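Peer 1: Handing you this structure, nothing more for now.
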Amino acid sequence: MDNFHPQSGGEHLKEGHDVTDLSIRAVLLSAITLAVSLGAAFLLVLGFYWGLQKWEKDHQPPMTAMEDQLRDEREAMSNTQSRTPVPEGEENVKPQPDWYGRGKMEDHLDRTFPGPRLQYDDEYDMSLFRSSEDKWLSSTGKDPDGTVHIPVDQAMQLLVQRGLPQVSGPFAPNNLPTAVPMVPAGPSKR
């Protein structure tokens, strides 16, 4: 049998298991150190954030007279003219849309800023566009360039009755680029 002798003069092991693997004190000390470090990092970042906000406020260029006037007009309009008053007895009713007081704002914006500006009510604009397209697709008429259009349903019925027109010759799409002939590479002369 082998004669085993430990190389270090460390502690002698009791039979069964080693009790010195995990130190509760070291775990608690590490957890406390981690919590304190996280708190210090949070406070440092918060101070940095507040410092940058203060620096930005202190180094903000002064507003021009036009910007001051525009800000004052917007504040005055937002308090009085942007919405119509709610009639008595309708306090709990859903509020009216934002565009009710839009006419006065539009006049002011037309005088202040040149167009084009962003859309206010894109849903309304899209529904208006769709209804005009649907009206055009379901109507019959002659375009200014001389082409005649018919409703889509009627065109589909005609296509079903008459079938597709006959095609003569090979199919060659117009939108594909022409192929460049490849010249085989020969030995180069120097």
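The values are calculated or read from the model by the stated rules, or taken from the named source; none is laboratory data. Source: prediction; values computed, not measured. Please note: Cβ atoms are built from the backbone with ideal geometry, for glycine as well, and neighbour counts cover all protein chains shown.
Peer 1: If you check M126, M77, which single one turns out to be under 30 Å from the mean Cα position of the chain (by Cα), modelled with pLDDT under 80, of a type in the set (A, V, I, L, M, F, W, C) and not in a loop (DSSP other than H, G, I, E, B)?
Peer 2: M77 is the lone residue from the list that is under 30 Å from the mean Cα position of the chain (by Cα), modelled with pLDDT under 80, of a type in the set (A, V, I, L, M, F, W, C) and not in a loop (DSSP other than H, G, I, E, B).
Peer 1: Which of the numbered conditions does Q161 fail, given that it passes all the others? Conditions: (1) modelled with pLDDT of 70 or more; (2) surrounded by 10 or more Cβ atoms within 10 Å (Cβ to Cβ).
Peer 2: (2)
Peer 1: So G89 fits all but one of (1) modelled with pLDDT of 80 or more; (2) assigned to a loop (DSSP other than H, G, I, E, B); what number is the exception?
Peer 2: All conditions pass for G89, except number (1).
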